[in-house]
Amino acid sequence: MNRLGRETSPYLLQHADNPVDWYPWGDEAFARARAEQKPILLSVGYSACHWCHVMAHESFEDEAIAARMNHLFVNIKVDREERPDVDSVYMTFTQALTGQGGWPMTVFLTPDLQPIYAGTYFPPEDRFGRPGFRRLMDSVAAAWDENREGVLASADRITAQVREATERAPSAEGAVTAETTAAVVQTLRSLYDAQWGGFGRAPKFPSPSNLEFLLMHHARTGGAGESPSAVEMVLHTCRQMWAGGMYDHLGGGFARYSVDGQWLVPHFEKMLYDNASLARLYLHAYQVSGDEAFATVARETLDYLQREMRDPDGGFHAAQDADSEGIEGKFFVWTPEEVDAALGAEDGALARAVYGVTPAGNFQDPHHPEFGRRTVLSRPQPLEAVAVSLGVTVADVDARLPAIRARLLEARSRRTWPGLDDKVLTSWNGLALAAFAEAARILDDPVRLTVALEVAAFLRNAMWRNGRFLHTYKAGVARVDGMLEDYAYVGLGLVDLYRATGDRAHLDWAAELFEAARTRFHDDEGGGFFEAPLDGEALLLRQKPYFDSPTPSGNGAMALLGFWLGRYFARDDWEAVTREVTSAVAEQLERAATGFGSVLQAAELLLAERREVAITGTPEQRAPFEREVAARYLPSMLIAPGEAGTLPILEGRDLPAAYVCRDFVCDLPALDREALREQLDR
């Protein structure tokens, strides 16, 4: 094994037996590069990344290529999920140099960690319009040996230009206006795929932050504007994502994205952050529409996380791989013969009709044509059409389908499972905490509440040390200093947990996290929050995340957290953080409409009318009122359950009742659920 054998990251351990002399990111590698005056080859990826596996197999497992790497470079391997700060820095350079980014990310650096050349996947030889990895290495090494002065000057220039562009303080453009968010909705409408849902063309990503923003905008405006409305775009997109193959129709949960525009063929990896965020989105779609199908998707997605992604110590694992036995999607796809073998001819015919399984299939791993064509399960037609085609009733199909699904899932479980990235990330578990707490509240589900409480306890006991978060955990070991997203996501999850329980202790810890983040990450000169702590490792760039990646931006999440905590604790200085963050990027929102979903959510909260519902009494006395509130989508309403006097909004409210207030004017106390319903309806 190389040095990666001493690491805990599953991704790094995947490369521990490569013939490459890999180093983890750290001083040992940097010191060797400086001492030997060798350039660094930095390779960044993650365990569920299909093309990372391809490049590893083609190049990093090849003895000749590895020998060349070892001779020419100091080689460093980074798990982007373990070190999102390092990944973010060099992804910024990669995008600046090439106009695009992605993983695997391949960056050649000077011994002082400045970029020389950057890219993503490189085949071993020239192919796909990309230079071969062997030729690229030789070219970089030759430039380093023959024109080192020029290479260093170029690296200095690139670093200075990117640093100037990324570290320039955003100009405060003033408050985000209702006209701004309406213009963003119009831009999203212009990108909307009216047939299949979603925005833009292939590949298609679910973008839950943008969909949540659209729901919030609809709730504030009442659906004013052009057609399709904001809520129509969301609900149609949710239905189409579920109907496609990106959703796992047997096991629940969503794959990372769809390679086509129809949500049909996914990139099969399943990430904790996607499934947590999408479960929460589908819960809100259920509140908005009353359609039980959305609640079912949320339940099945959370079932998947509990069944397949739970860590024994209380958190959730990071990801499930796209590949098994070296073949992309092999675990998830089917032939008609496999379906019939699992179910028999009669039920097999029904399953094939429901899930679109055909001899021609709809997917083939291009690297393994010998595996043949298979079908990614989807729901290509409504059950009414399936029933007509088979000469049965819809009721018959409905009655038989749960058992068919269970038998197919059991048959699939006997296959070789995809790899599991079993590290536990604080930030992503914050998203899971929020999803389970919302499910407990909206679905009145005590099992989900138990899970949420266990996740919160795990984060407190295992990841919170001396007033600081650690970022990653595996097999009893927590490590890596926490990032902005760790504090912000967990804080938001605790707010949702308070709403589900009425226990102020969760809000108090959220407030502690918020204050710790303000101390450790806030830019007191330029405003906003840095991604990495002020007293942390000095990286080449100091970045402030405003733009959403697959997860909400750190600044967007802090803006949301500041809003809610400011309202709960009557702290105007905390709510001012929301205005600071949204103002910093106000001018950019229309130009990059798809990239600021979390900041736009915060803007919608600021634009919405102030509304509160305080619910006092014992948990038993509060329960009917809380059920009435949970049945409604009220994204900007301050929901405050608890004992009288435990929060500013609960002061002086000794009568067990619900108190509805709007724009600083309160109704009479609602003493029963019917009275509360009438007040909320108004």
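Free of any chymotrypsin sites (Phe, Trp or Tyr not before Pro) that DSSP assigns to a loop and that have at most 11 other C-beta atoms within 10 Å, the longest stretch within the chain is 129-663. Taking the inverse of the mean reciprocal distance over all distinct Cα pairs, the Kirkwood hydrodynamic radius of the chain comes to 26.5 Å.
Which GluC sites (Glu not before Pro) in segment 299-380 sit in a loop by DSSP (not H, G, I, E or B) and have at most 13 other Cβ atoms within 10 Å of their own Cβ?
Working: sites: Glu300, Glu308, Glu325, Glu328, Glu337, Glu338, Glu346, Glu370; in loops: Glu325.
Within segment 299-380, the qualifying GluC sites (Glu not before Pro) (loop, at most 13 other Cβ atoms within 10 Å) are Glu325.
With the Cα gyration tensor of segment 3-167 giving a ≥ b ≥ c as the square roots of its eigenvalues, does the rule (a/c under 1.5 for rounded; else a/b larger than b/c for prolate; else oblate) give rounded, prolate or oblate? Verdict is rounded for segment 3-167.
Relative to one another, the C-alpha centroids of segment 207-242 and segment 125-203 are positioned 28 Å apart.
The alpha carbon gyration tensor of segment 568-677 gives principal lengths a ≥ b ≥ c with a/c of 1.5 or higher and a/b greater than b/c, which makes the shape prolate. Diffusion coefficient of segment 305-438 by Stokes-Einstein, Kirkwood radius over Cα pairs, 37 °C, 0.692 mPa s: 194 µm²/s.
Modelled label positions at Ala67 and Ala576, each set 7 Å beyond Cα in the direction of Cβ, lie 6.5 nm from each other. Rounded to the nearest 5, what % of DSSP beta bridges with both residues in the chain are antiparallel? Antiparallel bridges: around 75 percent, rounded to the nearest 5.
Put in line by how crowded their Cβ is, counting other Cβ atoms within 10 Å and starting with the fewest, Glu269, Glu454, Glu628 read Glu454, Glu628, Glu269. Each peptide in 387-395, 616-624 gets a packing score, the mean of other Cβ atoms within 10 Å over its residues, and the list from highest to lowest is 616-624, 387-395. Between Thr393 and Ala475, the simple spin-label model (points 7 angstrom out along Cα→Cβ) gives 5.7 nm. Could you pull out every one of the lysines with an alpha carbon less than 30 Å from that of Lys204, ignoring same-chain neighbours closer than 8 positions? Answer for Lys204, where 30 Å is the Cα cut-off: Lys77, Lys270, Lys330, Lys423, Lys544, listed by chain and number. Checking Cβ-Cβ separations below 4.7 Å across the chain identifies Cys238 as cysteines lacking any candidate disulfide partner. Straight-line cross-link partners of Lys474 among the aspartates and glutamates, defined as a Cα under 18 Å from its Cα and at least 8 positions apart when in the same chain: Glu7, Asp79, Glu81, Glu82, Glu308, Asp311, Asp313, Asp321, Asp421, Asp422, Glu454, Asp486.
Just so you know, the Rg over Rh for segment 357-501 is 1.13, from Cα atoms, with Rh as the Kirkwood radius.
For Glu620 and Leu668, a Förster radius of 25 Å and the Cβ-Cβ distance give a FRET efficiency of 0.65, rounded to the nearest 0.05.
Spin-label model, Arg627 to Arg157: label points 7 Å out along the Cα-to-beta-carbon direction sit 7.1 nm apart. Between segment 31-97 and segment 427-457, the alpha-carbon centres lie 37 Å apart.
Values quoted throughout were computed directly from the atomic coordinates according to the rules given, and no laboratory measurement underlies them. Here the structure is a predicted model, which means the values were calculated and not measured. FYI the Cβ positions are ideal-geometry reconstructions off the backbone, even for glycines, and counts take in every protein chain you see.
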